[in-house]
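Working notes, beginning with the structure itself.
No lab work stands behind these numbers, since they all come straight from the coordinates. The shown structure was predicted, so the numbers you read here are calculated from the model rather than taken from an experiment. As a convention, Cβ positions derive from the backbone with ideal geometry for all residues, glycine included, and neighbour counts pool all protein chains shown.
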2 protein chains.
Amino acid sequence: MTTAQIVLASRPKGLPVTDNFRMEQVDLPQINDGEILLKGLYYSVDPYMRGRMNDAKSYAPPFEIDQPIYGGVIGKVVESKSELHQPGDVVVGNFPWRRDFIVNEKEARKIDASLAPASYYLGILGMTGLTAYFGLMHIGKPKAGETVVVSGAAGAVGAVVGQIAKIQGCHVVGIAGSEEKVQLLITEFGFDKAINYNTTHDITKAIADACPNGVDVYFDNVGGEISDAVINNINFYARIPLCGQIALYNTTEIPVGPRLQPMLLTRSVLMQGFIIGQFQAQFQEGIEHLAKWVKEGKLKAHETIEHGFENLPKALLGLFKGNNTGKMLVEA
Amino acid sequence: MTTAQIVLASRPKGLPVTDNFRMEQVDLPQINDGEILLKGLYYSVDPYMRGRMNDAKSYAPPFEIDQPIYGGVIGKVVESKSELHQPGDVVVGNFPWRRDFIVNEKEARKIDASLAPASYYLGILGMTGLTAYFGLMHIGKPKAGETVVVSGAAGAVGAVVGQIAKIQGCHVVGIAGSEEKVQLLITEFGFDKAINYNTTHDITKAIADACPNGVDVYFDNVGGEISDAVINNINFYARIPLCGQIALYNTTEIPVGPRLQPMLLTRSVLMQGFIIGQFQAQFQEGIEHLAKWVKEGKLKAHETIEHGFENLPKALLGLFKGNNTGKMLVEA
């Protein structure tokens, strides 16, 4: 059979464009013993994918030119030569951007689509939720009564971080880029305060006003000048989990800014970059907490779903324009 | 009786000068019950004192204008109205820059000058040694076979850090500012490699050459461009204890440099500012290790001792010119 796939056609300089991708037809072989044939249902698009489009040393190897993009995908088993999976099962894994694809039985993890919508396993019960959980709880270590600031707060990870921080009893302040997002943070996700960086002249002062006791945990999804403004308000012994630097991903020069070390030193601050993989041994703990909070109604999923496999590149590019609130997905 | 004291006459802008200090005579009162009269033997000068000369929020309150500088001092008990201290005892504490001074009995800790020279209690068995020990062992967490880079390596803390890292079985590289210091690091303190930043054109490359397996722990005493060069070579999951930023202490503008967060993020690096006070509950552990290593001859003290109480300001200013190797002290 043939199917469609989306490959990396060229490496972007600065902001990616649709020409960096190419959709094409590809032949699929017969499936062998131990393999399953899947039909893609939901495809995740995530900011970290921008890094993999570069040919640079990072935590994940670069995507290869003329090869399909890979990412989190929910698929339905169409044909199985595996005892682990039956036709009709719904599974999740790190799969290629193909409409149909064959994977080894061990690469697919079955999900319980009766417990929660299948798409949640790419978001709040998947890497997104786990990234928020481990970054906040294991690096940020918020204590009840402390102040937690989240940048990119209306994004997939940010919205979960803020909700978990509220569950921990913290004063939670979000930073986002539109009035609509700011309203969503307050009304939907229960943030105490939210700041629209696009209409705020002095972000340092806005943070100070929103955080009368200073900032104890800064969960950084964006980097750049927004982070400078938060760090101007950082408390002694604060923790800064570095989860994303989306403000800098598309710069072509080495970004320059105020040196942080004097502030980190004089206030005994911890800053730590992390990837979710380093917490793999503890995933079960994270999933149990997240599932419990979702079930109790304390943690809300919020998704922006684009439709059409062919719109995957457009959806990914939309992340860098702030088009999404919550988790951004494509339904095939 | 009257004695001499050295006060902060004015706050420096940029590099401190001798005019920022003033020596003057002061009357001492009679000593009361629970107090002791001390004669100063050794006075510590430390880079952190520069921060206290500013009127700025930091981990230690600012020195006050027209009031004596305070710091680590070894004194001999001259007169005692305390049951805890006898005349002739040698004690250490955070005392004023006075030739003679009266303190409460609880502010002074008796030292055993038969175990090690009294001056060691301001250095390798005092705050200097503890700073090196906790910063390296509790934040840097070096494992045998890893590579540890130390900047300000010939300074008081740096020389101890390098030696402890060797005791842990690491490949140890020091950065210092003269050929004499570089030689000292190799021959006296057992560093594997040492780099003279004043004669090295491309420090990033020099670090790469000296660290063929990259940098796992960077103990940062200096900040600025030297640190940028080390961080260019940082490994995945590296740890960066921030101990000092002497390169930036005398700048009057907010220092600017390459943004660190993208590198910390993509390589899952931890960076942590610390002050020795946060490890106070564990001091005993540190002192026991340091004393054992000194006794075994594995850890060598190195002191630069200036003479004359009146030379304290000059000795402090000398730190910023790199005049010292190892711990800088003034013997009264």
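Here are some notes:
- Diffusion coefficient, µm² s⁻¹, Stokes-Einstein with Kirkwood Rh over alpha-carbon pairs of region B:22-61 at 4 °C and 1.567 mPa s: 93
- Between the residues A:270, A:196, A:183, the greatest Cα displacement towards the positive end of the dipole of region A:127-277, with unit charges on the Cβ of Lys, Arg, Asp and Glu, is found for A:270.
- When the helices of chain A are scored as -39500 (n - 2.57) per DSSP H run of n ≥ 4 and the total is divided over every residue, the value at 222 nm lands at -6500 deg cm²/dmol.
- Residue among A:154, A:144, A:281 with the largest mean-square fluctuation in a Gaussian network model of chain A, springs linking Cα atoms under 10 Å: A:281
- Computed over neighbours whose Cβ is under 13 Å from that of residue A:89, the net charge equals 0, Lys and Arg +1, Asp and Glu -1.
- Copy-to-copy label separations for residue B:198, where each label sits 7 Å from Cα toward Cβ, in nm and ascending: 5.4
- Among residues other than residue B:274 with Cβ under 14 Å from its Cβ, the summed charge is +3 (Lys and Arg +1, Asp and Glu -1).
- Candidates B:256, B:92, B:103, ranked by Gaussian network fluctuation over chain B, Cα under 10 Å, top entry: B:256
- Extension gain from residue B:284 to residue B:113, taking 0.36 nm per residue of separation minus the Cα-Cα distance: 59.7 nm
- Debye-sum result for region B:72-218 in log10 I(q)/I(0), which assumes one identical scatterer on each alpha carbon, at q = 0.13, 0.18 Å⁻¹: -0.67, -0.95
- Gaussian network model of chain A, Cα within-10 Å springs - most flexible of A:190, A:257, A:72: A:257
- Within region A:246-275, backbone nitrogen closer than 17 Å to the virtual label 7 Å beyond the Cα of residue B:138 toward Cβ: A:265-271
- With both labels modelled 7 Å from their Cα along Cα-to-Cβ, the residue A:186 to residue A:78 distance reads 4.8 nm.
- Straight-line cross-link partners of residue A:110 among the lysines, defined as a Cα under 17 Å from its Cα and at least 8 positions apart when in the same chain: A:39, A:76, A:81.
- q = 0.06, 0.09 Å⁻¹: log10 I(q)/I(0) that the Debye formula gives for the protein assembly as shown, counting C-alpha atoms only: -0.42, -0.83
- Label geometry 7 Å along the beta-carbon vector: residue B:32 inter-copy distances in nm: 8.8
- Likely footprinting exposure, B:102, A:36, A:167, fewest C-beta neighbours within 10 Å first: A:167, B:102, A:36
- Cβ-defined net charge surrounding residue A:33, 12 Å radius [Lys, Arg +1; Asp, Glu -1]: -2
- Each copy carries residue B:209; placing its label point 7 Å along the C-beta direction from Cα gives inter-copy distances of 5.5 nm, listed from smallest up.
- Share, in percent, of DSSP beta bridges within the protein assembly as shown that are antiparallel, nearest 5: 60
- Residue of chain B with the Cβ closest to the rotation axis carrying B onto A, and that distance rounded to whole Å: B:271, 2.
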